[in-house]
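Here's the structure, in structure tokens; my notes come after.
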Amino acid sequence: MTSTSRKGLLTAWLNVPPEHEEEFNRWYNTEHIQERVGIPGFLNGRRYLSLEGEPKYFALYELETPDAVYSEAYKRVRQNPTPWNRKIEALFQDFVRNVYEEIFSYGSSSPQGAPYVLTVRVGVAPEKENEFNAWYNEDHIPALLKVGGVRSGKRYRAVEGTPKYLAVYELDNPEVIKSEAWVKARDYGRTSVIWPHLQGLQRNVGKLLFQLSK
């Protein structure tokens, strides 16, 4: 099943000093994610620990539309942080915040999410952008979704932040992307033609730490 929509995604990528990780995780699970998901237009929030790639932590918030992060309700929350929020955010390292709009999805994503995800952030040479999108939608994601253990694949284009494109794959387990079937599917179709034109590729394999839905 394929679909296109203007659903949104807010992403946050960061590290924190090891000595503050316990409090950081407690704050995120008990205050921060609760606060964000309570904002109108936010559908859910999921936190991950990177098993592969950097930074160590990342969060994905699904939005009704990207406009949710430009609403007065969202601005009020950001402009009036709690004391705990100010304390923890001062510890953030390597922080990257992006806003995306969904441009393509394939497969079935359950409301409960998946225990693991693969995220791929990437740019592409402007003159190859049309070919890149055709390859991704017609060759790459459909081939990868035929691999056992891959539940869904979604693509996003940046509204705010870089790289311009993000793909998120829901996985049953992290070993899926090491399988022979995955490697064969990854290289299917026009991959060899498109690959030299990719820019700044960043890949993370994440283990679900915590999630909250409306």
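Read-outs throughout are calculated quantities, based only on the coordinates presented, and are distinct from any laboratory measurement. In this text the structure is predicted, and so the values were computed from the model without any measurement. Glycine also receives a Cβ, built like all others from the backbone with ideal geometry; neighbour counts cover every protein chain displayed.
Among Phe104, Phe95, Phe42, which one moves the most in a GNM of the chain with springs linking Cα atoms closer than 10 Å? Sorting by GNM fluctuation, first place goes to Phe95. Among Gln202, Gln79, Gln34, the largest mean-square fluctuation in a Gaussian network model of the chain (Cα springs under 10 Å) belongs to Gln79.
Can you give me the Rg/Rh ratio for the range 66-140, using Cα atoms for both radii and the Kirkwood formula for Rh?
In the range 66-140, Rg relative to Rh is 1.06.
Dividing the mean sequence gap of close Cα pairs (under 8 Å, 6+ apart) by how many residues the chain holds gives a relative contact order of 30 percent. Across every direction, the projection of the convex hull enclosing the Cα atoms of the range 2-213 has a mean area of 11.4 nm².
Rounded to the nearest 20 debye, the dipole magnitude of the range 2-213 is 160 debye, with +1 charges on Lys and Arg beta carbons, -1 on Asp and Glu beta carbons, and the Cα centre as origin.
For the chain, adding -39500 (n - 2.57) for each run of n ≥ 4 DSSP H residues and dividing by the number of residues yields -5000 deg cm²/dmol at 222 nm. Pick from Leu201, Leu49, Leu118: which is most flexible by mean-square fluctuation in a GNM of the chain where alpha carbon atoms under 10 Å apart are linked? Ranking Leu201, Leu49, Leu118 by mean-square fluctuation puts Leu201 first.
For the range 122-200, the list of trypsin sites (Lys or Arg not before Pro) that fall in a loop by DSSP and count at most 16 other C-beta atoms within 10 angstrom reads Lys146, Arg190.
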